[in-house]
Amino acid sequence: MIMAVRPLRALLAFHRHGTIAAAAEEVHLSPAAVSVQLKLLEEQLGIPLFERTKRSIRLTSAGYGVVPLVEKVLTAYEELLRHSGSSSIHGRISLGVVNNVLVGVFPAVVQRVIRDCPGMEINVSMGTSPDLVAKVAAGLLDAAVVSQPPKSLGDEFIVHKLFDEPIALIQLPHSARGSLRDVLGACPYIALDRDTWAGRQIQNHLERQEIDVEPIMELNSQEAILAAVRFGLGVTVLPLTRGADIGHDERLKITRIAGLSRTISMAERKTHIRSNMTAQVLSSFKSVLAESAATGKTAAARRAAPAKAARRPRTGD
């Protein structure tokens, strides 16, 4: 029996999205064509992969069982194409991203991917790190850009470190002074959701320092937390989002906490059919970060130059 690749791609797209219409959009076919492909696959395998009603279709237990096997087949097929030199990067990748990265460097990364691989599309989902990694494990996402997990994700994952973000005490300039303990003891505390990995990391640091503070609010949006601080509702401890330029906000007083930072990483399964696309995203991330670092050094040198000139001793008069 010779089996075509297209029905296999249709099956994975349906498993990922749960509807014929969404699967059709991913594989660039009409919904009717996807239905035909799924029916063809079912007939070729000779087992009921789908449970159909007048209004819906869903995978059977047998259907769920063949998904990992189909992923392995398509992964091997893509690898064969790469070795033959006939594969160009095209198609759609599903990528999960924590929300603070979305407002930081990620737009520049997407722009780089579009420039270098015009045949590649990125479907972005936002969420918390634990939720996004769970979706990667289930095959619902190809990869996720997340906070570094508190422990190993397991042997089925590859975790690529992208960059570090310092964690800082953030407050209004006229609020309390002193150490982290002093400020949190004197001001209302607005916490990053402790169910997120970054929020848990911050809470663990406070506990190690024996700083016992009860937050007045606990939010999973760093933008919402910063807005609350700007309105004078309290102080917070947050990672300084790379690319968001929070450090130059004159409305805020920012004090970095020595020895405390958050790592942003990209997590993917060791084996999946879009590894060539995740490799391209990873490459684009590294290029954008390298260029950003070089630009930052140049800007810092320019800012320092006038200060040095001002301190230069006068020789005339």
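The values are calculated or read from the model by the stated rules, or taken from the named source; none is laboratory data. Note that the structure is a prediction, hence the values are computed from the model and not measured. Here the Cβ is made from the backbone with ideal geometry for all residues, glycine too, and neighbour counts use every protein chain on show.
So, in segment 190-210, of the ones that are surrounded by 16 or more Cβ atoms within 10 Å (Cβ to Cβ) and of a type in the set (S, T, N, Q), which residue ends up modelled with the lowest pLDDT?
The selected residue is Thr196.
A quick yes/no check of all residues on (1) outside any strand (DSSP E or B); (2) at pLDDT 95 or above:
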position	(1), (2)
Asp212	yes, no
Glu223	yes, no
Leu233	yes, yes
Thr236	no, yes
Arg251	yes, no
Thr271	yes, no
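So, of the residues in segment 189-210 that are under 30 Å from the mean Cα position of the chain (by Cα) and part of a loop (DSSP other than H, G, I, E, B), which turns out to be farthest from Lys151 (Cα to Cα)?
Here is the first cut: in segment 189-210, the ones under 30 Å from the mean Cα position of the chain (by Cα) are 189-209.
Next cut, part of a loop (DSSP other than H, G, I, E, B) only: 193-196, 209.
Working: Asp193: 18, Arg194: 16, Asp195: 14, Thr196: 13, Gln209: 21 Å.
Top of the filtered list is Gln209.
Between residues in segment 32-58 that are surrounded by 13 or more Cβ atoms within 10 Å (Cβ to Cβ) and residues that are modelled with pLDDT under 85 and basic (Lys, Arg), which pairs lie under 7 Å by C-beta distance while being six or more apart or on different chains?
Gln37/Arg6
Go through the residues of segment 239-247 one by one and say whether even a single one is part of a strand (DSSP E or B) and either in contact with a Lys or Arg (Cβ under 8 Å, 6 or more places away or on another chain) or modelled with pLDDT of 90 or more (or both). Steps first, please.
Step one: list which residues in segment 239-247 are part of a strand (DSSP E or B), which gives 239.
Now drop any that are not either in contact with a Lys or Arg (Cβ under 8 Å, 6 or more places away or on another chain) or modelled with pLDDT of 90 or more (or both), which leaves 239.
Yes: segment 239-247 contains one or more residues that are part of a strand (DSSP E or B) and either in contact with a Lys or Arg (Cβ under 8 Å, 6 or more places away or on another chain) or modelled with pLDDT of 90 or more (or both).
Taking segment 147-164, which residues are in contact (Cβ under 8 Å) with a residue 12 or more places away in the chain, among the polar types (S, T, N, Q) and part of a loop (DSSP other than H, G, I, E, B)?
Result: Gln148, single match.
Could you list all residues from segment 1-17 that are within 24 Å of Ala134 (Cα to Cα) and either surrounded by fewer than 15 Cβ atoms within 10 Å (Cβ to Cβ) or hydrophobic (A, V, I, L, M, F, W, C) (or both)? Explain how you work it out, then say what you get.
Residues of segment 1-17 that are within 24 Å of Ala134 (Cα to Cα), as a first pass: 8-17.
Listed by number, the residues that qualify are Leu8, Ala10, Leu11, Leu12, Ala13, Phe14.
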